[in-house]
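The values are calculated or read from the model by the stated rules, or taken from the named source; none is laboratory data. From a predicted model like this one, the values you see are computed outputs, not experimental measurements. All Cβ positions, even for glycine, are placed from backbone atoms using ideal geometry, and neighbour counts span all protein chains on display.
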Amino acid sequence: MPYSHLNDLPADIRERASRIRLACFDVDGTLTDGGIVIGADGELAKTFHVHDGLGIKLLGRIGIEVALVTARNSRIVEARARELGLSHVHQDVDDKRECLRMLCGQLGLTPDQASFMGDDLGDLPALSLAGLAAAPANAHPWVRERVHWRTRHAGGQGAVRELCDVLLAASGQAEAILSRYLPE
């Protein structure tokens, strides 16, 4: 199986993952390592992991909607979302729970069909609503204690890809995706 740790996951996590049709991700500390480089003219840089980007694209290929939900407003996030072909990008969000509820409504989904990955206190309301709440390994302890599942990787270091791989495997699509990349 392409995601070797799927069998190590508790049955309830595999079950939750199998229902997901919308994967939502916080940005700073989840898709990035949380570092923000700010110069005199504002935000200059964030670092994104290439593995996370491919994982997001693969989710889209199998029909799982992907959304970025962040409290900050950043042209860098807009650019990354464009690169990944994402249409659900919500910045300057004060209430991530309400944003998740709104996204589910727009897509005709229940919160049980949504995952949310976040790393800090502002993510807790959305995490408490999501059918699968996940946190990077280095999330704040108050968040790590309150999610269904934690990744082995830190935010910005492949944590998002780890969740993507779980969702791909739980959907039954991982083998087909992997076979496209293997020589015949």
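Here are the numbers for this structure:
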quantity: Where a residue in region 8-20 is among the polar types (S, T, N, Q) and its partner, wherever it lies, is part of a helix (DSSP H, G or I), with Cβ under 8 Å and at least six apart; calculated: 18/170
quantity: Qualifying residue in region 8-25 (condition: aromatic (Phe, Trp, Tyr) and under 12 Å from the mean Cα position of the chain (by Cα)); calculated: yes
quantity: Qualifying residues in region 101-138 (those that are charged (D, E, K, R) and under 12 Å from residue 26 (Cα atoms)) - the one surrounded by the fewest Cβ atoms within 10 Å (Cβ to Cβ); calculated: 120
quantity: Flag if residue 62 is among the β-branched types (Val, Ile, Thr) and either surrounded by 14 or more Cβ atoms within 10 Å (Cβ to Cβ) or touching a residue at least 24 places away in the same chain (Cβ under 8 Å) (or both); calculated: yes
quantity: Residues located in region 139-163, provided they are touching a helix residue (DSSP H, G or I) at 6+ places or on another chain (Cβ under 9 Å), charged (D, E, K, R) and not in a loop (DSSP other than H, G, I, E, B); calculated: 150, 161, 162
quantity: Strands (runs of 3 or more DSSP E) (entirely within region 1-84) containing at least 1 residues that are at pLDDT 95 or above and acidic (Asp, Glu); calculated: 65-69
quantity: Given (1) in contact with a Cys (Cβ under 8 Å, 6 or more places away or on another chain); (2) of a type outside the set (Asp, Glu); (3) closer than 21 Å to residue 48 by Cβ; (4) in a helix (DSSP H, G or I), number of the condition residue 115 does not satisfy; calculated: (4)
